[in-house]
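Heads up, the thing below is written out as structure tokens.
The values are calculated or read from the model by the stated rules, or taken from the named source; none is laboratory data. As the structure is a computational prediction, the values presented were derived from the model and not from experiment. Reconstructed Cβ throughout: ideal geometry from the backbone, glycine too, with neighbour counts over all protein chains shown.
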Amino acid sequence: MEENKTKLFESPRIEKLASLFLIVAVVLVGAQAVSALGDVFAPRPAMGNMISVEGEGRVTAVPDIATVSFTVSEESQTVAQAQDVATKKTNTALSLLKDDIGIEDEYIKTTSYNVTPRYSYTQCYDRVCPPSEERIIGYTVSQTIQVKIRDIEKVGETLAALGGVGVSNLHGPSFEVDDIERLRKEAREQAIQNAREQAKTLAKSLGVGIVRVTGFWENNDPYYPYYREGLGGDAMVTSQSKTPPSVPTGENEIVVRVSVSYEIR
């Protein structure tokens, strides 16, 4: 038996297979080593051969859209009664917005509709609360509607008109710029140009040249409204308002900040 095993391992065929396996293993290990060396010695900018600068771009624009919201809220002993009264008042407000102000349906939407029960509670005196059960004594129905006004000149008129129909809460206006992406793109271009100029100035002072960009980061700040006088954003008009309020739009500012890294030589 031992003699047969010895002859098997000494056969030419087995020796050739073993040699082939060894050659393949050596080739694979060598390929991995070459790849690793390539990664190590590949040309790349060293940390000492880079500069980083920050740039800022600012764009201001007069808002061309205003958003207001109002709530109609009614109480009654039954849900149906409260809904009936609230619906009539809501329809009056919507008719005013569409027919008198000229706001299209696509710019008017309901953001919430709630039906809430109202309960009676037993008063407690002298730290003694008699046992009692909550009892429903009525219901409150409320509907909140958001309105987008694309004609800024009609903002004051809209606020006064809604206040006149007796809505429960009236909030706004919130001023926005319709094409905000165009302004953000313009601010970004300014920020990149600002960073490029700073990099050139710094490279000149260091006596080096700029080779290429190696990194870019952007930080978008929210735009901020600036009001000159009178009512600003989120002003509230009550139902006693008879004269359209003065609602200056101010300006919105879009700020973009970028950080750019350059390879230098």
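A few points about this structure:
- Within the set Glu189, Glu176, the sole residue that is of a type in the set (Asp, Glu), farther than 20 Å from Ile108 by Cα and within 31 Å of the chain's Cα centre (by Cα) turns out to be Glu189.
- Enumeration of residues in the stretch 169-189 that are in a helix (DSSP H, G or I) and crowded, with 17+ Cβ neighbours inside 10 Å: Leu183, Arg184, Ala187, Arg188
- Note on the stretch 122-143: among residues that are at pLDDT 75 or above and not small (Gly, Ala, Ser), the one that is farthest from Ala93 (Cα to Cα) is Glu134.
- Of all residues in the stretch 190-209 being of a type in the set (A, V, I, L, M) and not in a loop (DSSP other than H, G, I, E, B), the one that is nearest to Val256 (Cα to Cα): Ala191
- For the condition small (Gly, Ala, Ser), in a strand (DSSP E or B) and surrounded by 11 or more Cβ atoms within 10 Å (Cβ to Cβ), Ser95 does not qualify.
- Top-ranked residue of the stretch 196-251 - restricted to ones that are closer than 30 Å to Gly164 by Cα and modelled with pLDDT of 65 or more, ranked as surrounded by the fewest Cβ atoms within 10 Å (Cβ to Cβ): Ser246
- Residue list for the stretch 144-184, restricted to those being within 20 Å of Ser95 (Cβ to Cβ) and not assigned by TED's automatic domain parsing to the domain that holds Ser69: none
- Some residue of the stretch 104-114 being under 29 Å from Thr158 (Cβ atoms), in a helix (DSSP H, G or I) and polar (S, T, N, Q): no
- The C-beta contact set for the stretch 141-164 (first residue without any contact (Cβ under 8 Å) to a residue 60 or more places away in the chain, second residue β-branched (Val, Ile, Thr), distance under 9 angstrom, 6+ apart or interchain) comprises Asp151/Ile101; Asp151/Ile103; Lys154/Ile101; Lys154/Ile103.
- Single residue of the stretch 252-264 satisfying the filter (charged (D, E, K, R) and under 25 Å from the mean Cα position of the chain (by Cα)) that is modelled with the highest pLDDT: Arg257
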